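Report on the following structure.
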Amino acid sequence: MATAVATAIDASELLATRRSPLPDALVSPGPDAVESARLFEIALRVPDHGRLAPWRLIRIAGESKARWVERLMAIVENRDDAAKTRVSTRKLASAPLAVVVVSKAVSGHKVPEWEQWLSAGAVCMNLVNGAHALGYGAQWLTGWHAYDHDATALLGLADGEKVAGVILIGTVAEPAAPRPRVSVDDAVTDLAL
Ligand SMILES: Cc1cc2nc3c(=O)[nH]c(=O)nc-3n(C[C@H](O)[C@H](O)[C@H](O)COP(=O)(O)O)c2cc1C
């Protein structure tokens, strides 16, 4: 944390300039124990209508992370699109930390499921911005493994649970090129009543 505090930049500048690195540009080291604790504290501080906590997080690091990627690579071989998914799956290996944000929204509650899904998305975004604030990079992915039954079973997902995001986190070896952004004028309109 001492390093992160020392390199902290103005929060609005941080939010206005964040850029996701490519997955294989995220390398070790990842956040240490103190930084990880802070990161998860940030991740869980999200709007949550009805205080349902309609999400849970799975941390994948160390040897388990290497085994997770190996097991995904094995599942890939049974898929029709193996040639393509093999490449994207290999890219998961580089980052030292992956956090899977699982949506566990309940249907039939007075808080609509849609709002519960949005809260899981907010957890993903807080992880991305939180990692950035701590001096790391992060990339929010889904990909084939978020939807493949064998891949979600590997994570222990129950029926009705969905992967909201796999957040890859690590040191940025190489920043990504700037990405064109939607202009404020195109995205924002004023309600004129
Ligand atoms: C729900 C969700 C799933 C995503 N899945 C992928 C993905 O599987 N692969 C990918 O390259 N980018 C994916 N992205 C996009 C990246 O997170 C990111 O927005 C993109 O690389 C642009 O970088 P930026 O964060 O600098 O805008 C996803 C974004 C969201 C919100």
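Tell me which residues, restricted to region 3-34, are surrounded by 16 or more Cβ atoms within 10 Å (Cβ to Cβ) and either touching a helix residue (DSSP H, G or I) at 6+ places or on another chain (Cβ under 6 Å) or modelled with pLDDT under 95 (or both).
Within region 3-34, the subset surrounded by 16 or more Cβ atoms within 10 Å (Cβ to Cβ) is 4, 20-27, 30-31.
Residues satisfying the conditions are 4, 23, 24, 31.
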Which of the residues that make up region 78-109 are out of contact with any helix residue (DSSP H, G or I) (no Cβ under 8 Å at 6 or more places or on another chain), exposed (fewer than 12 other Cβ atoms within 10 Å of the Cβ) and not hydrophobic (A, V, I, L, M, F, W, C)? 80, 108
Kindly provide the set of residues from region 129-140 that are within 18 Å of residue 100 (Cβ to Cβ), surrounded by fewer than 23 Cβ atoms within 10 Å (Cβ to Cβ) and among the hydrophobic types (A, V, I, L, M, F, W, C), ordered by number. 140
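Going through region 88-116 one residue at a time, which ones are assigned to a helix (DSSP H, G or I) and in contact with a Ser or Thr (Cβ under 9 Å, 6 or more places away or on another chain)?
Our first condition is that a residue be assigned to a helix (DSSP H, G or I); within region 88-116, this holds for 88-93, 113-116.
Residues satisfying the conditions are 113, 116.
Out of 173, 151, report the one residue that is open to solvent by less than 60 Å² (accessible area, probe 1.4 Å), more than 12 Å from the ligand (Cβ to nearest atom), among the hydrophobic types (A, V, I, L, M, F, W, C) and at pLDDT 95 or above.
Details: 173 fails: open to solvent by less than 60 Å² (accessible area, probe 1.4 Å).
So the residue among 173, 151 that is open to solvent by less than 60 Å² (accessible area, probe 1.4 Å), more than 12 Å from the ligand (Cβ to nearest atom), among the hydrophobic types (A, V, I, L, M, F, W, C) and at pLDDT 95 or above is 151.
Restricting the search to region 158-178, which residues are under 14 Å from residue 25 (Cα atoms) and in a loop (DSSP other than H, G, I, E, B)? Break it down into steps so the answer makes sense when it comes.
Restricting attention to region 158-178, the residues satisfying the condition of being under 14 Å from residue 25 (Cα atoms) are 167-177.
Of everything in region 158-178, those that are under 14 Å from residue 25 (Cα atoms) and in a loop (DSSP other than H, G, I, E, B) turn out to be 173, 174, 175, 176, 177.
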Search region 20-35 for residues that are within 10 Å of residue 172 (Cα to Cα) and away from the ligand (no atom under 12 Å from the Cβ) and pair each with any residue that is part of a helix (DSSP H, G or I) and open to solvent by 70 Å² or more (accessible area, probe 1.4 Å) when their beta-carbon atoms are under 7 Å apart and the residues are at least 6 apart or on different chains. none
Out of (1) under 30 Å from residue 109 (Cα atoms); (2) surrounded by fewer than 17 Cβ atoms within 10 Å (Cβ to Cβ); (3) of a type outside the set (S, T, N, Q), the odd one out for residue 46 is which? (2)
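The values are calculated or read from the model by the stated rules, or taken from the named source; none is laboratory data. Model, not experiment: these values are computed from the prediction. Note: ideal-geometry Cβ built from the backbone for every residue, glycine included; neighbour counts use all protein chains shown. SASA here: full protein model, heavy atoms, side chains in, ligands and nucleic acids out. Shrake-Rupley method; radii C 1.70, N 1.55, O 1.52, S 1.80 Å.
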